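This report refers to the structure that appears directly beneath it.
Derivation of every value follows stated rules applied to the coordinates shown; laboratory data play no part. All of these numbers come straight from a predicted model, not from anything done at the bench. Cβ placement follows ideal geometry from the backbone for every residue including glycine, while neighbour counts extend to all protein chains displayed.
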């Protein structure tokens, strides 16, 4: 199980939750930022074996496409 957090475009952590699969985490992320009108939302993940604090968080993005 891993801990995920959703961060809004201003850098504020909106919500944090422990989730068992990446697919479930993605669905949760989409639900949290349901209006999808503002760019800059992101999701980060920290595994169970990471140290406390902000260390150990890894960034995910929601580009809805592929980079050029």
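Remarks
- Neighbour-count ranking [beta-carbon atoms within 10 angstrom, fewest first] of 20, 37: 37, 20
- Simple label model, 7 Å out from Cα along Cβ direction - residue 14 to residue 38, nm: 0.8 nm
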